[in-house]
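What follows is one structure encoded as structure tokens, with my remarks underneath.
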Amino acid sequence: MPIEITVKGNETSSEYKAGIQLKEFFNKSISKDVSGEILIACNVTLFGQEVKDIDIVVIGSFEKGFKEKLKFRPRGEDEYVTRNVYFTNFCFAIELKNHQVKDVSIGKLNNILVTYNGRKHDVTYQSEKQKYSLHRYLKNIDEVGAYVYI
């Protein structure tokens, strides 16, 4: 059975529209012989967390996993390498920005900055905070045996 991809959220939001584009990307990129499911949840609120709003949360699980050749630069290395990476499941958060290229820059620490009202905003730091809020939220749900409704 092929992969099942579900997009949930406010269908009129820009986040939902981006979620639909992400679904199309997954449909084109993941082999038809891979089975499993992916949930793309848009406009997620994590009650009780320091950072409670996340534009898109993507959670996926593959029944038998699959491998993909990916190009990346290992930490502390200067050169890029291509290696097989094996996926069985994943979870990540996406922060959407609607800025022009002139308003996006790279900081001294290779962090991404966007300009709001003439001031630089560190979206790398924002994204890191979202990651840890999502991790704590899911861990807390697991510990109390609660369910997530999206």
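Okay, here's what the table says:
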| item | result |
| --- | --- |
| Peptide ranges 20-28, 72-80, 99-107 listed from the most packed, as the mean C-beta count within 10 angstrom indicates | 20-28, 99-107, 72-80 |
| Dipole magnitude of the chain, debye to nearest 20 (Cβ charges: Lys/Arg +1, Asp/Glu -1, about Cα centre) | 400 debye |
| Number of Lys pairs (Cα under 17 Å; 8 or more positions apart or on different chains) in the stretch 20-84 | 6 |
| Apportionment of accessible area to carbon and sulfur, the chain, percent (1.4 Å) | 51 percent |
| Per-residue [θ]222 nm for the chain (sum of -39500 (n - 2.57) over DSSP H runs n ≥ 4, rounded to 500) | -8500 deg cm²/dmol |
| Anchor Lys131: aspartates and glutamates whose Cα lies under 16 Å away (excluding residues fewer than 8 positions away in-chain) | Glu50, Asp53, Asp55, Glu95, Asp122 |
| Accessible area expressed per residue, the stretch 45-97, with surrounding protein chains retained (probe 1.4 Å, Å²) | 75 Å² |
| The chain: antiparallel DSSP beta bridges as a percent of all, rounded to 5 | 85 percent |
| The chain, Cα convex hull volume normalised per residue, Å³ | 164 Å³ |
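The values are calculated or read from the model by the stated rules, or taken from the named source; none is laboratory data. Predicted, not measured: the structure shown is a model, and the values here were computed from it. Please note: Cβ atoms are built from the backbone with ideal geometry, for glycine as well, and neighbour counts cover all protein chains shown. These accessible areas exclude ligands, DNA and RNA; they are computed on the full protein's heavy atoms, side chains included. Shrake-Rupley method; radii C 1.70, N 1.55, O 1.52, S 1.80 Å.
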